[in-house]
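These notes are about the structure you will find just below.
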Amino acid sequence: MALYSTAALEQDSKGVISRFTLQASEKATFIFGGIRPKGQQPEMDLVDQRFQQTARFWKSWVAKSKYKGRWRETVLRSALLLKLLISRKYGSLIAAPTFSLPENIGGVRNWDYRFTWLRDAAFTLYALIRLGFVDEAEAFIGWLKGRLSDDAQRGPLQVVYAIDGRLQLDEIALEHLSGYENSRPVRIGNAAYQQLQLDIYGEMMDSIYLANKYGDPISYAGWQEVQRMLEWLTRNWRRPDEGIWEVRGGAKEFLHSRLMCWVAFDRALRLAQKRSLSGPLEAWQRTRDEIRAEIFTNFWDEHLQSFVQSKGTKNLDASVLLMPLVRFISPVDPMWLSTLRAIEKRLVEDTLVRRYEVEHTQVDGLPGAEGSFTACSFWYVECLARAGQLEKAQLLFEKLLGYANHLGLYSEELGSNGRHLGNFPQAFTHLALISAATYLDRELSGTGDATWR
């Protein structure tokens, strides 16, 4: 290791730096590696060159963005994070670069997020396309196409993959580690890959639809794979599953899973009509309409005047905030507005939104509490904007911006005291931020359009 410093250095008998002291305004720069032979360019000169090259690269990349609206610095900071989480080799995006950072300090809600979730796919493509980062969108589309030919344990698709598309992600507890602030167990791998989460078919089909809308038409072989996927989903959409929150308290019939199954058939029908593709379109339409009727019949609680988390319960769930965002229901439908009021009453505290009432539902099968889920908070803002409540949406959005750290980054959750919880930084949160910011900016500017989804 070489050290270049304006500070006082102490060396041992062999000339190795053993200690240095920094005073105000002094700095120290470390370089790990061997000392360069005499006659070669000094190491610090190389470091400066590489720093300048790095700065030029990122400035050039950000300049490709088409976004010129409000909160541009925040939106582009989120885009920079997505770029850093995308594999240059494979084009896939990991959920977060960390593992086992706790959602509850001292608790057991500690997971490994260094993998690629299909759930993030449609949000990722939407964000990249919206901001003008075409190369990254095309690379991710290429990775997604490779998943259509996989045969997962629970159906044609798997919930989560390694960045190279590997299917097996064995979850292991590292018992010899105490974890962050004694939050145990420390886990690597993620057992969610073995779960049935039916919503991923909607996210995958939405991604395919977006890829075709803004990119190259789907191939013959790709459309055959889509038909195979929907044939399986036709037979299985009614099954209980572990849902968007990957619960470990047993499978249930979740509203969000039904919603995204509806999206799968809806986007397939749209794509077939747009590209004049053949297939069992009448059967898909019947299934789509059957799912829609099922949601309005079996997931609406007349007493609560709200859609509920799962069939037969009175539990609320913030994942229903996606209902108007995926165009299942009008953002000003009376049934939706009353649902939004119910969520505000039970899950919202100022601008922070919890996923569900952990202390009451016990749906996830885990002890302890958790913080608010930051992506849900941005979904809430977007729902308000879509309902025409622009002043309130802007106020709450700008409050949310105040919870970012000094680099403009967010973790998965926020505690009641504003502390960041869970893995950090998290792509899902920043994807929701980009979506909320771009939509709210268009509405405030009076330039809203119908290109979302």
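Please treat every number below as a calculation from the coordinates, not as lab data. From a predicted model like this one, the values you see are computed outputs, not experimental measurements. With ideal geometry, Cβ positions are generated from the backbone for all residues, glycine too; neighbour counts draw on all protein chains shown.
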From the option list W71, W111, W143, single residue qualifying as over 29 Å from R187 (Cβ atoms) and aromatic (F, W, Y) is W71
Filter segment 101-133 down to the residues that are within 12 Å of F424 (Cα to Cα) and in contact with a helix residue (DSSP H, G or I) (Cβ under 7 Å, 6 or more places away or on another chain) and list them by number. L101, P102
Can you find a residue in segment 262-280 that is farther than 26 Å from L128 by Cβ, in contact with a strand residue (DSSP E or B) (Cβ under 7 Å, 6 or more places away or on another chain) and surrounded by fewer than 16 Cβ atoms within 10 Å (Cβ to Cβ)? no
Within segment 292-299, identify whether any single residue is on the phi < 0 side of the Ramachandran plot, exposed (fewer than 15 other Cβ atoms within 10 Å of the Cβ) and basic (K, R), and answer yes or no. no
Could you say whether any residue in segment 187-209 is over 26 Å from E290 (Cβ atoms), touching a residue at least 24 places away in the same chain (Cβ under 8 Å), surrounded by 15 or more Cβ atoms within 10 Å (Cβ to Cβ) and touching a helix residue (DSSP H, G or I) at 6+ places or on another chain (Cβ under 9 Å)? no
Condition check: part of a helix (DSSP H, G or I), of a type in the set (K, R) and either more than 16 Å from V160 (Cα to Cα) or touching a residue at least 24 places away in the same chain (Cβ under 8 Å) (or both). Does R239 satisfy that? no
If you check F328 against the conditions, is it buried (at least 19 other Cβ atoms within 10 Å of the Cβ), among the aromatic types (F, W, Y) and in a loop (DSSP other than H, G, I, E, B)? yes
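A quick yes/no check of all residues on (1) part of a helix (DSSP H, G or I); (2) farther than 19 Å from G146 by Cβ:
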site	(1), (2)
D206	yes, no
L233	yes, yes
W245	no, yes
A272	yes, yes
A293	yes, yes
Flagged in segment 107-137 as within 29 Å of A437 (Cβ to Cβ) and either of a type in the set (S, T, Y) or surrounded by fewer than 18 Cβ atoms within 10 Å (Cβ to Cβ) (or both), in numbering order, are Y113, T116, T124, Y126, G132, V134, D135
